[in-house]
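The structure appears below as structure tokens.
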Amino acid sequence: MYAIIAQTLGIPVVSARRKEDNFEIDIEAATRAILSEGCANEQTSNPPVRAVFVVHPNSPTANALTAAEIEWLSNLPSEILVVIDEAYFEFSQNTLADKLPQHPNWIILRTFSKAFRLASMRVGYAIAHPELAAALEKIRLPYNLPSFSQIAAEFALAQRQLLLATIPQTIAERAKLIAALTPMQKLQIWQSAANFIYLRVKASDSEAAEREHTQIVQQLKAKGTLIRHTGGGLRITVGSPEENQRTVDRLGEIVE
């Protein structure tokens with residue numbers, strides 16, 4: 001959505017690819033993209049890169065930023081705004097908030113849509129240096145958040161111990177779900193730092209894999225289980241123990 005919104009505002013967007021085996025950012029490609037935009041600025045109308053968006057962890061692949069990726073962000077020029085989306089922070093148990101004092105050009109985004117279960121309220125928040133916060137306040141729309149959403153967020157904060165008490169169970173169920181699906185020879189499963197797991201069908205080529213992904217989604221839906229077909233693979237949300245077991249059983253019946 002960051003790219004889509006930028007493009008609708010006429011802001012050029014440069015994308016850096018991820019590695020196919022582990023979905024880490026291709027740091028060399030990202031560095032080249034930033035340098036090439038800066039060099040090309042004299043010959044073209046494209047402005048140099050002034051903002052870099054990353055996700056920690058990513059969706060749908062569920063991988064968190066690595067030490068190498070964090071070091072790369074730390075070495076970016078101070079005039080580049082670094083936006084770190086930590087929407088799934090409660091499930092990853094990993095944040096870069098402690099690094100903000102050393103990086104005043106960083107801003108961390110969080111949301112009430114995931115662990116706090118307020119997706120329909122569209123409440124988010126930012127953690128940033130006071131100067132960055134002041135800059136955001138200047139462009140914030142006067143009615144950017146309905147009063148009902150504000151009340152819901154305040155209520156969720158007041159009840160956060162109750163709402164977040166289920167996080168350990170979700171993390172434990174995530175591990176069980178990965179362990180149960182990994183032995184299925186036809187599937188390739190990746191580790192997760194979110195409240196979902198990502199997998200792909202092993203196939204001869206990407207087109208064959210996409211066909212099988214579509215069939216799996218349709219067959220699971222017919223059995224009463226909904227998963228997402230996205231990013232060239234399948235994203236399965238971690239549910240209750242009973243829901244997860246049904247998913248494992250039904251997926252096993254289909255792929256085996």
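Here is how the numbers come out for the structure above:
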| item | result |
| --- | --- |
| Region 2-162 - share of DSSP beta bridges that are antiparallel (%, nearest 5) | 40 percent |
| Zero-based 5 Å bins, Cα pair distances in the chain, whole percents | 1, 5, 11, 14, 16, 15, 14, 11, 7, 4, 1, 0 |
| DSSP-assigned coil residues among chymotrypsin sites (Phe, Trp or Tyr not before Pro) in region 116-214, each with at most 14 further Cβ atoms within 10 Å | Y143 |
| Modelled FRET efficiency - R0 45 Å, F155 with W190, Cβ distances, 0.05 increments | 0.80 |
| Compactness of region 109-256, expressed as Rg and Dmax over alpha-carbon positions, Å | 19.4, 57 |
| For the chain: relative contact order, % (alpha-carbon pairs under 8 angstrom, 6 or more apart) | 14 percent |
| Projected-area mean, region 46-101, by convex hull of Cα positions, square nanometres | 4.7 nm² |
| Top of E90, E243, E137 by mean-square fluctuation, Gaussian network on the chain, Cα under 10 Å | E137 |
| FRET E, pair K223, L162, Förster distance 35 Å, beta-carbon r, rounded to 0.05 | 0.60 |
| Cβ-based charge dipole, region 2-162, positive-most Cα from T8, L157, S74 | L157 |
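No lab work stands behind these numbers, since they all come straight from the coordinates. Fair warning: this is a prediction, and the values are worked out from it, not measured in the lab. No Cβ is skipped: glycine too gets one built from the backbone with ideal geometry, and neighbour counts run over all protein chains shown.
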